[in-house]
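Values in this text are rule-based calculations from the coordinates and carry no lab data. These numbers come from a predicted model, not from an experiment. A quick note on method: Cβ atoms are made from the backbone with ideal geometry, for glycine too, and the neighbour counts reach across all protein chains shown.
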Amino acid sequence: MKTRKIKRVSTSMPTMEGAGVHLHRAFGNNDVTLFDPFLLFDDFRSDTPEHYKKGFPWHPHRGIETITYMLKGSAEHGDSLGNKGIIGRGDVQWMTAGSGIIHQEMPKGDSEGKMEGFQLWANLRAADKMMHPRYRDISAEEIPTVTLDGGATVKVICGQVGKVRGPVEDVMIEPEYLDVKLPANTVFVHPTPEDHNVFAYVHAGSGRFDEMSSDELGNKSLVLFEPGEQVMITAGDEELRFLLVGGKPLGEPVAWRGPIVMNTQEELQQAFEEYRNGTFIKHD
Ligand code: FE
């Protein structure tokens, strides 16, 4: 089996979004094709309510999917069609914006004011950009946990570990989204379709992300892998926690402005024009 080597390592960088939310961006619109089919990954963990409580008030999305995973606290979600919900501890919301939604997302801390969550944006292929919007709300209890012989504990949000499949199915880019807890000095080996783009994001502890590297990577490290048939990840002297995400590249042109991602500038202009004149929402 060809083990993936590390292609690029970086650290998520502080930035501000929404109504003044301080967050860390692992990648975004500086790296448009590097992570294809993924567009953006934000880490909004914070112990400071002032840094997140203003949230992300009403804004549109078109042409993408947003995947929100909460580890502490919650996020209240509402959209212009009247859909409402709370993404709680351990829950995932897989939202396909498709032709368009207008929504708000308001993070809330736990009893100690701590909030931990991640948001991933996945691109939709041209043929699906104007599809009917849909939500998949996945509660923590619906996400299976697998314990591997090597000691790793894996929450399977999407994709497959051993014989266990995650609850999110029927997504064109065949994504995989795993939350892995790896005890100190143990190894996690996981097969990956060779041509998929795969990245890991560390959220606790530290570890080595290929066979060759001696450097341990810690909290907020982002690792993009070269193509290959499996990943091999080794925890350091303390428990390592990371998200492992992969998907099939689309290889299509990307036209991106703010929360809307299409294939051409014309489609972008049309989307913003429709948003201004009130014809943005196509399906309800
Ligand atoms: Fe949003």
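Between T33 and K2, residue separation times 0.36 nm minus the direct Cα-Cα distance comes to 8.8 nm.
Exposed loop sites, defined as trypsin sites (Lys or Arg not before Pro) outside DSSP H, G, I, E and B with at most 12 other Cβ atoms within 10 Å, are absent from the longest region of the chain, namely 3-162. In terms of other Cβ atoms within 10 Å, D210, D149 run from fewest to most in the order D149, D210. Spin-label pair E50-D215: with each label point 7 Å from Cα along the Cα-Cβ axis, the two points sit 3.5 nm from one another.
Within the listed set M70, M131, M16, the residue fluctuating most in the Gaussian network model of the chain (springs between alpha-carbon atoms under 10 angstrom) is M16. Full extension of the chain between F272 and I86 yields a length gain of 64.1 nm, computed as 0.36 nm times the residue separation minus the alpha carbon distance. Using a cut-off of 30 Å between Cα atoms, the listed pairs K108/K220; K2/K114; K5/K155; K114/K163; K5/K114; K7/K181 include K2/K114; K114/K163; K5/K114 as exceeding that distance.
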